[in-house]
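*Asks:* Take this structure, written in structure tokens, and hold onto it; I'll ask about it next.
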Amino acid sequence: MTGWSYEDWRPGGERASFGDVTLDSTLHCGNGHDFAQVRARESRRVTGWKACPTYRFRARTGLAPYAWRFLLAIDSPGDGREIVLEVADFNHEGRTPWHESATTYSLDDGETWLPFDTGALEIVDWTPGAHAHGHEAIDAAYGDASHVPYGVRYRLKLDAPRVLFASPTPFTLDYRDRLLARFAEERPDVVALATVARSAHSDATGYPVTMARLTAPGSWADRDRVLIVAGEHPAESAGLYACEGFMREALARQDWLERCAFFFVPVLNVDGVFFGRTYFNVSPGITDGPGVNLSATWHERPAREQQDLWRFLQELRPRLLVSLHNGRHRNRMDQFCDPSPETAAINDALRAQLGFELVDAGPPRAPARLPREAIDQGLTKLGFLTETLLLERLPGSPSFRDSYVEVGRQLARGYIGGLDALNEVL
């Protein structure tokens, strides 16, 4: 193993070669560091595993308190050899192969993401920084009761010269920008893009918080204003892709565009996505602290991206505000909202559209969450925090990404159908 320590982590990814196999996280929004080859191991828990080259890496970035995201490339001759790749330091609720079922890989440089076979992975004990001298206290403080550290060992067959490997399916900032640019090019009459916020590192990375406004030509002052925010937690890509699906459905519904003005923020935590974080953003000094959990601090708004978006929210005062997340340990969609006849009507409309169970999980937590703070400050009357599903696919969806996008379309039909039902009552 290497002499790595938490203070050694720097953004930008790492590349390490072991013979003719190279592990590389220097790609856009990559995550994975401290690559090392370790003694090949026999697994006693997964039938058919045999000894083969084994490589270990870490997903935790610096002092970030949580990690369950990675994105890296494996370059090799692509001759079908098998390797074992182990992430040493995940932490989240649950320690079963099902909890890792969002793992994915690509053989075409990210155009297509294929589900990874959970029969080819096993949960193992985590590997703390035993070689990070003087950092035992940091190891001891890693995680909490709901985020117990563990490792995951994957068996991969290298069938292409370059294999991208990730958990979960990545939603990168390049992907966001290409997607929004395509929407604006195809529908310039209804799509307008703007920078709604900047982060501590937007100037350095070139990625601000971008917003897309979707509405029919003409004045939208009297239309229902709808704000959809995703990506407060950078690893929650099911929510990010659900935002994409919501946009796609809105663009396909001219009647919606004439009745509503939609405002979409696909990625709020742009620094977290760029630098490979799981929950938090990135402190101004990058390595001088864990950053901020944007989702849990709206009552204080310590981060610039929160402050900027809040100013916009104060001007917009949407009728409907939805914060899209995903639960990595859930097999149902949890819906957080204040109980009322209006929210019940919208949830009923959602259940009529969704391919998964939607469960009323109670009000958004006070005072931290975005819908809670916006309701309490009188900026909206209908605020929802929707936990979409990361680990379950809709029947017939060939990939998790396809499923996530389709769920977003279903959410769109439910939310706007619910608003229409309320309008009829009024």
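The values are calculated or read from the model by the stated rules, or taken from the named source; none is laboratory data. In this text, all values refer to a predicted model and were calculated from it rather than measured experimentally. Because the Cβ atoms are built from the backbone with ideal geometry, glycine has one as well, and the counts that use them run over all protein chains shown.
*Asks:* Looking only at the range 298-320, which residues are buried (at least 19 other Cβ atoms within 10 Å of the Cβ) and not in a helix (DSSP H, G or I)?
*Replies:* Passing the criteria: 298, 303, 318, 320.
*Asks:* To continue, here is another question. Could you go through the range 275-296 and let me know if any residue there is under 21 Å from the mean Cα position of the chain (by Cα), under 22 Å from residue 403 (Cα atoms) and either surrounded by fewer than 22 Cβ atoms within 10 Å (Cβ to Cβ) or not basic (Lys, Arg) (or both).
*Replies:* yes
*Asks:* Something else now. Would you confirm whether any residue within the range 105-113 is surrounded by 18 or more Cβ atoms within 10 Å (Cβ to Cβ) and over 16 Å from residue 32 (Cβ atoms)?
*Replies:* First, pick out the residues of the range 105-113 that are surrounded by 18 or more Cβ atoms within 10 Å (Cβ to Cβ): 105-106, 110, 113.
Next, only the ones that are over 16 Å from residue 32 (Cβ atoms) stay: 113.
So far as the range 105-113 goes, yes, one or more of its residues are surrounded by 18 or more Cβ atoms within 10 Å (Cβ to Cβ) and over 16 Å from residue 32 (Cβ atoms).
*Asks:* Something else about it: Of these, 193, 227, which one is under 30 Å from residue 292 (Cα atoms) and surrounded by fewer than 22 Cβ atoms within 10 Å (Cβ to Cβ)?
*Replies:* Details: 227 fails: surrounded by fewer than 22 Cβ atoms within 10 Å (Cβ to Cβ).
Checking each option against the conditions leaves just 193.
*Asks:* Separate question: Out of 79, 89, which single residue is touching a residue at least 12 places away in the same chain (Cβ under 8 Å) and over 24 Å from residue 13 (Cβ atoms)?
*Replies:* On the way: 89 fails: over 24 Å from residue 13 (Cβ atoms).
The match here is 79.
*Asks:* May I pose another question? Does the range 230-241 contain any residue that is more than 30 Å from residue 77 (Cβ to Cβ), hydroxyl-bearing (Ser, Thr, Tyr) and within 15 Å of the chain's Cα centre (by Cα)? Outline the logic, then answer.
*Replies:* Initial filter on the range 230-241 (more than 30 Å from residue 77 (Cβ to Cβ)): 230-241.
Checking the rest, the ones that are also hydroxyl-bearing (Ser, Thr, Tyr) come to 237, 241.
Within this subset, residues satisfying the condition of being within 15 Å of the chain's Cα centre (by Cα) are 237, 241.
Scanning the range 230-241, I find at least one residue that is more than 30 Å from residue 77 (Cβ to Cβ), hydroxyl-bearing (Ser, Thr, Tyr) and within 15 Å of the chain's Cα centre (by Cα), so the answer is yes.
*Asks:* Just one of 242, 221 is modelled with pLDDT under 95, out of contact with any Asp or Glu (no Cβ under 6 Å at 6 or more places or on another chain), assigned by TED's automatic domain parsing to the domain that holds residue 197 and within 26 Å of residue 183 (Cβ to Cβ); which is it? Explain how you work it out, then say what you get.
*Replies:* On the way: 242 fails: modelled with pLDDT under 95.
Result of the check over 242, 221: 221.
*Asks:* Any residue in the range 203-218 that's of a type in the set (Phe, Trp, Tyr): show its pairings with residues that are crowded, with 17+ Cβ neighbours inside 10 Å at Cβ separation under 7 Å, as long as the two are six or more apart or on different chains.
*Replies:* These pairs meet every condition: 207/173; 207/270; 207/274.
*Asks:* Another one. Return yes when residue 226 is outside any helix (DSSP H, G or I), without any contact (Cβ under 8 Å) to a residue 24 or more places away in the chain and not acidic (Asp, Glu) and no when it is not. Talk me through it step by step, then tell me what you get.
*Replies:* Working: outside any helix (DSSP H, G or I): yes; without any contact (Cβ under 8 Å) to a residue 24 or more places away in the chain: no; not acidic (Asp, Glu): yes.
Judged against the criteria, residue 226 is not a match.
This table checks each residue for (1) out of contact with any His (no Cβ under 7 Å at 6 or more places or on another chain); (2) outside the structural domain of residue 264 (by TED's automatic domain parsing); (3) not in a helix (DSSP H, G or I).
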position: 152; (1), (2), (3): yes, yes, yes
position: 155; (1), (2), (3): yes, yes, yes
position: 180; (1), (2), (3): yes, no, no
position: 200; (1), (2), (3): yes, no, yes
position: 213; (1), (2), (3): yes, no, yes
position: 216; (1), (2), (3): yes, no, yes
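*Asks:* Next question. Which condition number in (1) assigned to a strand (DSSP E or B); (2) closer than 19 Å to residue 61 by Cα is the one that residue 142 fails?
*Replies:* (1)
*Asks:* Residue 199 - would you say it is under 19 Å from residue 307 (Cα atoms) and not hydrophobic (A, V, I, L, M, F, W, C)?
*Replies:* On the way: under 19 Å from residue 307 (Cα atoms): yes; not hydrophobic (A, V, I, L, M, F, W, C): yes.
Judged against the criteria, residue 199 is a match.
*Asks:* For the range 151-185, which residues satisfy the criterion of being more than 30 Å from residue 55 (Cβ to Cβ) and free of Cβ contacts under 8 Å to residues at least 60 places away in the same chain? It would help to see each step written out before you state the result.
*Replies:* First, pick out the residues of the range 151-185 that are more than 30 Å from residue 55 (Cβ to Cβ): 176-185.
Passing the criteria: 177, 178, 181, 182, 184, 185.
*Asks:* Here's something else I'd like to know. In contact (Cβ under 8 Å) with a residue 12 or more places away in the chain and not in a helix (DSSP H, G or I), is that true of residue 193? Steps first, please.
*Replies:* Numbers: in contact (Cβ under 8 Å) with a residue 12 or more places away in the chain: yes; not in a helix (DSSP H, G or I): yes.
Criteria met by residue 193.
*Asks:* Would you mention how many residues in the range 85-98 are farther than 20 Å from residue 164 by Cα and crowded, with 20+ Cβ neighbours inside 10 Å?
*Replies:* Of the residues in that region, 2 qualify.
*Asks:* Still on this structure, I have one more. Going by the structure shown, is residue 179 more than 19 Å from the chain's Cα centre (by Cα), at pLDDT 95 or above and under 30 Å from residue 258 (Cα atoms)?
*Replies:* Working: more than 19 Å from the chain's Cα centre (by Cα): no; at pLDDT 95 or above: yes; under 30 Å from residue 258 (Cα atoms): yes.
No, not satisfied.
*Asks:* Further, regarding this structure: In the range 321-426, which strands (runs of 3 or more DSSP E) lie fully inside it and hold 1 or more residues that are in contact with a Cys (Cβ under 6 Å, 6 or more places away or on another chain)? Full working, then the answer.
*Replies:* Working: elements: 333-336, 358-360, 382-389.
Qualifying strands (runs of 3 or more DSSP E): 382-389.
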